[in-house]
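The structure appears right after this line, and notes come after that.
Please treat every number below as a calculation from the coordinates, not as lab data. Predicted model only: the values in this text are computed from it and were never measured. Counting neighbours? That spans all protein chains shown, and the Cβs are built from the backbone with ideal geometry, glycine included.
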Amino acid sequence: MLCAANQVGKMLGGNWVLEDVRFQIGPGERVGLVGPNGCGKTTLLRLLAGMETPDRGDIFIGKEARTGYLEQVPGTDPAATVWDALRAPFEGVLRLEKRMERLAAEMADPGLAPAELDRVMKRYESCQEDFEKRGGYETEARIRRVAHGLNLSEGMLARPFGSLSGGEKTKIGLAQILLSEADLLLLDEPTNHLDLMAIEWLEEYLSQYRGAVLVVSHDRCFLDRVVNRVIDLEGGESQVYPGNYSAFIREKEERLLAEFQAYQEQQKKIKKMKETIKRLREWANRANPPNAGLHRRAASMEKALERMERLDRPVLERKKIDLTFQLDQRSGQDVFRCEEVYKEYGEDLILDGVNLLVRSGERVAIVGENGSGKSTLLRILLGMETADLGKVAVGPSVKVGCLSQQGWEGDPGQSVLDAFREEVPVEEGEARHRLARFLFCGYDVYRRVGDLSGGERIRLRLAQLMHRDLNALILDEPTNHLDIDSREVLEDALERFQGTVLAVSHDRYFLNKLFAPVCWLEKGKLTRYEGNYDEARRKRAVLQEWNR
């Protein structure tokens, strides 16, 4: 056993976020931690990392086990380069290397006495042996491997850490954790800020990782390919399931149905016992004189009913957002068109003669590495940026709704209620009713938009889009920050929407379920592949092999 939680409870803001969490993780296990947003997943990781203490229960970590926790922004000297930050996990090895350098310099001194030279050589050999055992000669190769897998360019490796964006810093934090080779990795949404290629590399890396991994993720494909056990956190309690995410979903459904059936059977039994108690008392009272034996039987049955351990009614379906996109009149046949579109930023050519045609009713996805120009292309189609060269056209009868990566780009000082009514002009009572369908209830409607989480901002924007007359949607990473329940609701709403959808996404489950064709943007060129993401990936691999 590497780590364990025993009846762990944690209170935040006067409420129990975690009430009865129990599980064990053994060496080499890869465990997924799932549950709706706000259920306490990050809190549990912080408890395991020793950053917080439980209010009740016990956390156990193996005596010599090293844990690595992926924080949102790692604590690194802002002046240090990214390369220096990636070398930080090898601090002990680097100290040995410097010591060897000093000893080598001493040995090179021509004036050193033979006896002293012999002592220095022995110390050098001892350091060298320790250095080799700790993988010192492979250090740079390991750093290069992780940097390449996470698409950290040479230019980024040379940049000061303080100059990076928040997402880039988190990416460096992930690289540091992977390089630390801790006995237990605690990863909170590690695929955030990663493109598809980096996510697939990370899956392979974690699948071969020698230590144990506990990962929080809403990426269903990632969980399917990495984990071999799932901890489901809901209502402050945990349930453990064997297998990957798909196996967990199947078994959880079977368990819930069995629990509901047991609950119904118990309710029938309770009802029957209450009716029997009532009849026995009626018969006892009708007798002349009253029948004491029947009264005793009724009292005995009543005590048995009180001693019965009542089953809670299982929640078969959690409360979810209620999303349906309204289709206005259909647009013309050609919805979005780009012809030989070029776009440069400084000396970087982002779009190099891009051609794109999206027709009415199509659901088209654009994929590619981070920085390849996907969001830029969407912004050009929306008129938020202009192309340097080429033609861009949106059909004259097209009514577009857009969702950015941030979900909200308006005034952060507005309340949720005011922001919604600015886009959807309805009375306050009606607005509150509609927002409740997106889980903004009670005081939530008066919160500042700037104080909302990423997932809440996405929900607010979806609530606005739902109440607009649209026939086309442009979505930039729409599943970012959404939990799995909300992703499934969005997928169902898009599946029912009969208009046109153009989306950028790194969510392979989302892509495979909804989108065909898939357009791959790389090195400024856009290539269209018929079929979903998995089919596009296979065709792209064949094309690359053919061109070698």
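Overall shape of the stretch 246-350 was characterised from the C-alpha gyration tensor. The equivalent ellipsoid obtained from it has semi-axes of 69, 19, 11 Å, in decreasing order. From the P(r) of the chain, could you give the percentage of C-alpha pairs in the tail past 43 Å? Cα-Cα pairs in the chain separated by more than 43 Å: 34 percent. Label-to-label distance for Glu306 and Ser453 is 4.3 nm, based on points extended 7 Å past Cα in the beta-carbon direction. Full extension of the chain between Arg159 and Arg22 gives 45.0 nm of extra length, using 0.36 nm per residue less the Cα-Cα distance. Each label was represented as a point 7 Å from its Cα along the Cα-to-Cβ direction; for Gln239 and Gln261 these points are 1.5 nm apart. With r defined as the distance between the Cβ atoms of Met1 and Lys122 and R0 fixed at 51 Å, what FRET efficiency is calculated, to the nearest 0.05? Calculated value: 0.75.
Full extension of the segment from Lys320 to Glu132, taken as 0.36 nm per residue of separation minus the current Cα-Cα distance, would add 62.2 nm. In the chain, helical runs assigned H by DSSP with n ≥ 4 each contribute -39500 (n - 2.57); averaged across all residues and rounded to the nearest 500, the mean residue ellipticity at 222 nm is -13500 deg cm²/dmol.
The lysine pair tally for the stretch 249-307, using Cα distances under 16 Å and a gap of 8 or more places or different chains, is 7. Note on Leu382 and Val542: with the Förster distance fixed at 41 Å, the Cβ-Cβ geometry gives a FRET efficiency of about 0.75.
Fraction of C-alpha pairs exceeding 25 angstrom in the stretch 421-523: 26 percent, rounded to a whole number. Based on the reciprocal of the average 1/r between different C-alpha atoms, the Kirkwood radius for the stretch 56-181 equals 17.0 Å. Annotation for Glu522 and Gln333: the two label points, set 7 Å from Cα along the Cα-Cβ direction, are 3.3 nm apart.
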